Structures are given as structure tokens and as C-alpha cells.
Amino acid sequence: MKKTRLLAGVLLAMIFTILNAACAFAHTTTIDGHLDSIEGCAIAGWLWDSADPETSQTVTVTVTNKSTGEIAASVTTEANEHREDLRNIGIGTGDYGFHVGIDWESLPEAVYSVSLSSGDVTLTQTLSHATGDSSVHGTLVPLGTFKTTAYCPCYQCSEGWGRQTSSGALATANYTVAVDRRVIPMGSRLLINGQEYVAQDVGGGVKGNHIDIYFNTHGETRQHGVRNAEVYLIV
Ligand SMILES: [Zn+2]
């Protein structure tokens, strides 16, 4: 019995060693890069293979619809534009920049994830981007899932403050939200369910990952109730 246990232990140890070696191997890719920005239709970034710095790599930028998981667009190009900033920080010759064009207007209104790959290697870093009628055409930083509630100028909801917010601004529907300023700084632009809001208010009960959305009428606040939503900071 003891012998069997010992054998099992040795086998387990061997399996772990093999797994660790496999993981180490998977992580030793010499491909490195970054998605830098989304400005209008242009997505900029860089990618190189530190083991082969003389050869420019082929990169693929993939745009995935975050709600459906569908690939909405995929563009392949050569990463061979000169980037002095890369050379300055010791990344080879610096000739590894690229730009690709994505026609956001042709895509359905949604939040998209943008990822970068070369061959079999997909970089873990991604950017988020929202399209649609709203003026949101910025880079989105995901803040995670928040509880959302609603308030209105009625005495009960506003604790007697009416439309007066803590920032001094008058609360406006489809614009004003109250936040916990330890989680979200005042004045932050936020994207919640495709609508852009600004953090203009605080509330006694608004703590942590909780956002209180301003509406004109108490009926609308009742309709909203308590929901969960993915919240993005627009930068
Ligand atoms: Zn109310």
C-alpha cells in the first residue's frame, strides 16, 4: 500500500515537472508588442520578435464584439514603421510600428475588444472601443461590473437636494451619475450600456462598485430598479 502511494507520488511529481516545463515553454515566446491607441479609424501599435530583430513581423489586429463574441473585423499588415521611441528604449532598430484602419461606422453599435496577434502568438493586452450614435469614440478602460440604481429630484431620492449635485452642476438625465469618489473620480466620463455619463454627484448609499443614475421622474427610477452593468472609463 505504502509502495503504491510512493509510486503515485513520484508519478504526480513527474507530471508536475512536465507540466511546468510545458508552461515555461509556452511563455518563452520572443514575440512582444503593444496596442497603443485607437484614434478615429486608425489603430496603432508595434510588434517585434526579439530573437529575429532584423525581420519585420506580420501582425493581425482582430476586433471582437464583446457581447456576442463574434469577430467583427480582422486586418493583417506588416509591422515595419520606424518608431524612434521604441529604439530609444532599446527595442531593436525600432522599425516595428504599424497602423491599421478599421471602419467603425460599418460595424453594429456595440463595445468591441481589439487584440493583436502574430502567427500563433496572441498578446494578452487588449483595447476596448465603443461604436454608435453616442459621441463615444475614445479608448475604454473596463472598470468591472457595478451595481446600478436610479434616483430623481424627489425629496426621497435626492435627500432634499433636488437637482443640485455635490459637484455644483444641475443633474441632467442621460448624463449625471452619482459615484463613490474613492472608486471613480468626480468628472470621469463613463460608458454604461452604450450611454455616456459623467460622474457629477455622490450619495450617502453609493459605496464601492455602485453607480446611482439620475432620471427626471420617480417612475423612471422605479423602472430601473437595481441592475448590474459593465462600466467603462472613457479616456
Ligand atoms: Zn425619486
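Laid out as a table, the results:
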{"read-out": "Of the criteria (1) in the same structural domain as VAL59 (by TED's automatic domain parsing); (2) crowded, with 17+ Cβ neighbours inside 10 Å; (3) within 18 Å of the chain's Cα centre (by Cα); (4) among the hydrophobic types (A, V, I, L, M, F, W, C), which one ALA79 fails", "value": "(3)"}
{"read-out": "Filter result for THR221 (open to solvent by less than 40 Å² (accessible area, probe 1.4 Å), part of a helix (DSSP H, G or I) and either out of contact with any Ser or Thr (no Cβ under 9 Å at 6 or more places or on another chain) or more than 24 Å from ILE38 (Cβ to Cβ) (or both))", "value": "yes"}
{"read-out": "The lone exception for LEU170 - which of (1) hydrophobic (A, V, I, L, M, F, W, C); (2) modelled with pLDDT under 95; (3) surrounded by fewer than 17 Cβ atoms within 10 Å (Cβ to Cβ) it fails", "value": "(2)"}
{"read-out": "Set VAL100, VAL63: member being away from the ligand (no atom under 16 Å from the Cβ), closer than 16 Å to GLU39 by Cα, outside the structural domain of GLN223 (by TED's automatic domain parsing) and modelled with pLDDT of 90 or more", "value": "VAL63"}
{"read-out": "Single match in ILE43, ILE38 (criterion: assigned to a strand (DSSP E or B), open to solvent by less than 50 Å² (accessible area, probe 1.4 Å), among the hydrophobic types (A, V, I, L, M, F, W, C) and at pLDDT below 85)", "value": "ILE38"}
{"read-out": "Of the criteria (1) without any contact (Cβ under 8 Å) to a residue 60 or more places away in the chain; (2) in a strand (DSSP E or B); (3) within 16 Å of the ligand (Cβ to nearest atom); (4) touching a helix residue (DSSP H, G or I) at 6+ places or on another chain (Cβ under 9 Å), which one THR149 fails", "value": "(1)"}
{"read-out": "Output for segment 206-218, where each listed residue is of a type in the set (Phe, Trp, Tyr) and open to solvent by 70 Å² or more (accessible area, probe 1.4 Å)", "value": "none"}
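The values are calculated or read from the model by the stated rules, or taken from the named source; none is laboratory data. All values derive from a computational prediction rather than experimental measurement. Ideal geometry is used to build each Cβ from the backbone, glycine not excepted, and the neighbour counts take in all protein chains shown. Areas reflect the complete protein model, heavy atoms only, side chains present, ligands, DNA and RNA absent. Shrake-Rupley method; radii C 1.70, N 1.55, O 1.52, S 1.80 Å.
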